[in-house]
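One structure is given below, encoded as C-alpha coordinates.
The values are calculated or read from the model by the stated rules, or taken from the named source; none is laboratory data. Not measured: the values here are computed from a predicted model. Cβ placement follows ideal geometry from the backbone for every residue including glycine, while neighbour counts extend to all protein chains displayed. SASA here: full protein model, heavy atoms, side chains in, ligands and nucleic acids out. Shrake-Rupley method; radii C 1.70, N 1.55, O 1.52, S 1.80 Å.
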Amino acid sequence: MSLRVLTTAAVLAAPFMIAAPVFAQDAEVDLTASGDAEAGERAFRQCVACHVVVNDEGETLAGRAARTGPNLYGVVGRTAGSVEDFRYSDGMVAAGEAGLIWDEAAFVAYSQDPTGYLREYLGDSSVRGNMTFRVRQEEDAINLYAYLQSLAPAAEETTN
(Lines give C-alpha, C1' and ligand atoms only; values in the text may rest on other atoms or scores of the structure.)
Protein backbone atom coordinates (compact mmCIF):
# COMPACT_ATOMS: atom_id res chain seq x y z
CA MET A 1 0.00 0.00 0.00
CA SER A 2 1.32 3.42 -0.84
CA LEU A 3 1.81 6.20 1.64
CA ARG A 4 -0.80 8.23 -0.22
CA VAL A 5 -3.46 5.51 0.27
CA LEU A 6 -2.60 5.20 3.97
CA THR A 7 -2.76 8.97 4.46
CA THR A 8 -6.11 9.19 2.66
CA ALA A 9 -7.49 6.34 4.77
CA ALA A 10 -6.29 8.02 7.98
CA VAL A 11 -7.86 11.34 6.98
CA LEU A 12 -11.17 9.66 6.16
CA ALA A 13 -11.17 7.60 9.39
CA ALA A 14 -10.15 10.43 11.73
CA PRO A 15 -13.65 11.92 12.26
CA PHE A 16 -14.98 8.51 13.24
CA MET A 17 -12.16 7.83 15.68
CA ILE A 18 -12.71 11.21 17.32
CA ALA A 19 -16.49 10.66 17.52
CA ALA A 20 -16.23 7.22 19.16
CA PRO A 21 -15.86 8.53 22.73
CA VAL A 22 -18.91 10.76 22.26
CA PHE A 23 -21.02 7.74 21.37
CA ALA A 24 -19.66 5.87 24.40
CA GLN A 25 -20.60 8.75 26.70
CA ASP A 26 -24.12 8.83 25.32
CA ALA A 27 -24.68 5.12 25.99
CA GLU A 28 -27.40 4.43 28.53
CA VAL A 29 -26.31 3.59 32.04
CA ASP A 30 -27.44 0.17 33.27
CA LEU A 31 -29.56 0.83 36.37
CA THR A 32 -30.39 -2.81 37.02
CA ALA A 33 -30.42 -3.80 40.67
CA SER A 34 -29.16 -7.26 41.52
CA GLY A 35 -29.91 -7.13 45.24
CA ASP A 36 -32.87 -7.87 47.49
CA ALA A 37 -34.97 -4.76 48.11
CA GLU A 38 -36.53 -6.24 51.25
CA ALA A 39 -33.10 -6.88 52.76
CA GLY A 40 -32.12 -3.39 51.61
CA GLU A 41 -35.03 -1.93 53.56
CA ARG A 42 -33.63 -3.55 56.71
CA ALA A 43 -30.11 -2.33 55.87
CA PHE A 44 -31.45 1.21 55.37
CA ARG A 45 -31.91 1.43 59.15
CA GLN A 46 -28.20 2.26 59.36
CA CYS A 47 -28.73 5.19 56.97
CA VAL A 48 -31.67 6.94 58.64
CA ALA A 49 -29.53 8.99 60.99
CA CYS A 50 -28.41 11.04 57.99
CA HIS A 51 -30.68 10.26 55.02
CA VAL A 52 -34.35 10.37 54.21
CA VAL A 53 -36.34 9.35 51.15
CA VAL A 54 -39.09 11.90 50.48
CA ASN A 55 -40.99 11.87 47.19
CA ASP A 56 -41.94 14.91 45.13
CA GLU A 57 -45.28 15.20 46.96
CA GLY A 58 -43.47 15.52 50.30
CA GLU A 59 -44.38 12.03 51.53
CA THR A 60 -41.65 10.34 53.57
CA LEU A 61 -41.08 6.90 52.07
CA ALA A 62 -38.15 5.94 54.30
CA GLY A 63 -36.12 7.41 57.10
CA ARG A 64 -36.90 10.26 59.42
CA ALA A 65 -36.43 13.99 59.17
CA ALA A 66 -32.63 13.61 58.81
CA ARG A 67 -31.00 16.31 56.73
CA THR A 68 -27.29 15.59 57.17
CA GLY A 69 -27.20 13.70 53.88
CA PRO A 70 -29.20 14.43 50.72
CA ASN A 71 -32.68 13.07 50.05
CA LEU A 72 -32.15 9.69 48.37
CA TYR A 73 -35.43 9.75 46.44
CA GLY A 74 -34.55 9.09 42.82
CA VAL A 75 -30.86 8.52 43.54
CA VAL A 76 -30.73 5.58 41.12
CA GLY A 77 -29.67 7.01 37.77
CA ARG A 78 -29.12 10.50 39.15
CA THR A 79 -25.99 12.53 38.51
CA ALA A 80 -23.85 12.68 41.64
CA GLY A 81 -24.05 15.88 43.65
CA SER A 82 -27.19 17.16 41.94
CA VAL A 83 -29.92 17.43 44.60
CA GLU A 84 -31.00 21.05 44.49
CA ASP A 85 -30.28 23.11 47.62
CA PHE A 86 -28.10 20.41 49.20
CA ARG A 87 -24.58 21.44 50.11
CA TYR A 88 -22.26 18.73 48.77
CA SER A 89 -18.51 18.42 49.21
CA ASP A 90 -16.42 19.90 46.43
CA GLY A 91 -15.37 16.34 45.56
CA MET A 92 -18.95 15.16 45.07
CA VAL A 93 -19.77 18.17 42.91
CA ALA A 94 -16.64 17.54 40.84
CA ALA A 95 -17.56 13.86 40.43
CA GLY A 96 -21.01 14.85 39.16
CA GLU A 97 -19.49 17.36 36.77
CA ALA A 98 -17.14 14.62 35.57
CA GLY A 99 -20.16 12.44 34.73
CA LEU A 100 -20.67 10.20 37.76
CA ILE A 101 -24.11 8.60 37.56
CA TRP A 102 -25.40 6.46 40.43
CA ASP A 103 -25.64 2.99 38.98
CA GLU A 104 -25.24 -0.12 41.13
CA ALA A 105 -21.46 -0.40 40.76
CA ALA A 106 -20.83 3.27 41.62
CA PHE A 107 -23.33 3.26 44.50
CA VAL A 108 -21.92 0.10 46.06
CA ALA A 109 -18.29 1.23 45.77
CA TYR A 110 -19.08 4.71 47.09
CA SER A 111 -21.17 3.53 50.03
CA GLN A 112 -18.37 1.20 51.15
CA ASP A 113 -15.63 3.86 51.00
CA PRO A 114 -17.00 7.32 50.18
CA THR A 115 -13.81 9.38 50.23
CA GLY A 116 -11.70 6.61 48.72
CA TYR A 117 -14.18 6.19 45.89
CA LEU A 118 -14.23 9.91 45.09
CA ARG A 119 -10.43 10.05 45.15
CA GLU A 120 -10.18 7.14 42.76
CA TYR A 121 -12.96 8.40 40.48
CA LEU A 122 -11.44 11.86 40.21
CA GLY A 123 -7.81 10.74 40.32
CA ASP A 124 -7.13 13.23 43.11
CA SER A 125 -5.82 12.10 46.49
CA SER A 126 -6.68 15.44 48.12
CA VAL A 127 -10.45 15.06 47.55
CA ARG A 128 -12.65 14.52 50.59
CA GLY A 129 -16.26 13.50 50.78
CA ASN A 130 -18.77 14.50 53.45
CA MET A 131 -20.06 10.98 54.11
CA THR A 132 -18.01 9.30 56.81
CA PHE A 133 -20.16 6.21 57.33
CA ARG A 134 -19.13 3.06 55.44
CA VAL A 135 -21.44 0.19 54.63
CA ARG A 136 -19.35 -2.75 55.79
CA GLN A 137 -20.81 -5.60 53.76
CA GLU A 138 -20.92 -5.44 49.97
CA GLU A 139 -24.16 -7.46 50.05
CA ASP A 140 -25.78 -4.78 52.24
CA ALA A 141 -24.70 -2.06 49.79
CA ILE A 142 -26.12 -4.05 46.86
CA ASN A 143 -29.39 -4.54 48.75
CA LEU A 144 -29.53 -0.84 49.67
CA TYR A 145 -29.29 0.03 46.00
CA ALA A 146 -32.14 -2.38 45.20
CA TYR A 147 -34.24 -0.85 47.98
CA LEU A 148 -33.63 2.71 46.82
CA GLN A 149 -34.45 1.65 43.27
CA SER A 150 -37.76 0.20 44.54
CA LEU A 151 -38.60 3.67 45.90
CA ALA A 152 -37.67 5.44 42.66
CA PRO A 153 -40.25 7.61 40.91
CA ALA A 154 -40.97 5.09 38.11
CA ALA A 155 -41.34 2.21 40.60
CA GLU A 156 -43.62 4.28 42.80
CA GLU A 157 -45.87 5.24 39.86
CA THR A 158 -46.36 1.59 38.89
CA THR A 159 -47.29 0.54 42.42
CA ASN A 160 -49.85 3.30 43.08
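Worth a mention:
- Three-way shape label, the range 26-156, alpha-carbon gyration tensor, a/c 1.5: rounded
- Loop sites in the range 31-101: chymotrypsin sites (Phe, Trp or Tyr not before Pro), DSSP, at most 16 other Cβ within 10 Å: F86
- Among the GluC sites (Glu not before Pro) in the range 58-143, those located in a DSSP loop and surrounded by at most 11 other Cβ atoms within 10 Å of their own Cβ are E59, E84.
- Rolling a 1.4 angstrom probe over the range 58-160 with all protein chains present gives an accessible area of which 44% lies on carbon and sulfur atoms.
- Using the empirical formula 2.2 N^0.38 Å as the baseline, the Cα radius of gyration of the range 41-100 reaches a ratio of 1.15.
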